[in-house]
1. For residues that are closer than 30 Å to residue 17 by Cβ and either in a strand (DSSP E or B) or polar (S, T, N, Q) (or both), tally how many sit in region 34-89.
2. May I ask you to list pairs of residues, at least six apart or on different chains, whose Cβ atoms are under 7 Å apart, with the first in region 51-66 being free of Cβ contacts under 8 Å to residues at least 24 places away in the same chain and the second being among the hydroxyl-bearing types (Ser, Thr, Tyr)?
3. What residue, of 57, 68, is at pLDDT 90 or above, in contact with a helix residue (DSSP H, G or I) (Cβ under 9 Å, 6 or more places away or on another chain) and not aromatic (Phe, Trp, Tyr)?
4. Consider only pairs whose beta carbons are under 9 Å apart and that are at least six residues apart or on different chains; among these, list those whose first residue lies in region 83-103 and is not assigned by TED's automatic domain parsing to the domain that holds residue 70 and whose second residue is modelled with pLDDT of 95 or more.
5. Tell me, yes or no, whether region 18-34 has at least one residue that is within 30 Å of residue 86 (Cα to Cα) and not hydrophobic (A, V, I, L, M, F, W, C).
6. Identify, please: which residue in region 28-51 is of a type in the set (Ser, Thr, Tyr) and at pLDDT below 85 and is, among those, farthest from residue 9 (Cα to Cα)?
7. Kindly evaluate residue 78 against the criterion of being free of Cβ contacts under 8 Å to residues at least 12 places away in the same chain and surrounded by fewer than 13 Cβ atoms within 10 Å (Cβ to Cβ).
Amino acid sequence: MYDELECPYCGKNNDMSDALCDGLSDDNKFDKECEHCGEEFEVYVEFDPTYSASKIVYEDCDKCYKSVRDINKKGRTFPFPTLGNRQKLCHECYCKLMFREMD
């Protein structure tokens, strides 16, 4: 990403591509020294919201058969209980099996 910002004093463009590396204050402002004239000016950063959409996927728990949105899958969730031969567990069944396995 290559962004430029015009200096309010001399009117020349300043490279802003790595301006956010140090982080922002709570008010999204920071001070920057002009690369050309050396004057310091205040920069206010605005963020535009970005939206994306995806389908909601419900999967069945292999233990209680409840259909849930956020399933724990073997190979994706670590640690995963080794008791039984289950591949997908709802949060409740996952916790129960993990507690039982830890005993």
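The values are calculated or read from the model by the stated rules, or taken from the named source; none is laboratory data. Treat the numbers as computed from the prediction; the structure is a model and nothing was measured. With ideal geometry, Cβ positions are generated from the backbone for all residues, glycine too; neighbour counts draw on all protein chains shown.
1. Qualifying residue count for the region: 7.
2. Listed pairs, sorted by first residue: 58/67.
3. Unique residue meeting the criteria: 68.
4. Final answer for the pair search is none.
5. Pass one, region 18-34, residues within 30 Å of residue 86 (Cα to Cα): none.
No.
6. Applying the first criterion (of a type in the set (Ser, Thr, Tyr)) to region 28-51 yields 44, 50-51.
Checking the rest, the ones that are also at pLDDT below 85 come to 50-51.
Values: 50: 33, 51: 36 Å.
By that ranking, first place goes to 51.
7. On the way: free of Cβ contacts under 8 Å to residues at least 12 places away in the same chain: yes; surrounded by fewer than 13 Cβ atoms within 10 Å (Cβ to Cβ): yes.
Yes; evaluated as a whole, the condition is true for this residue.
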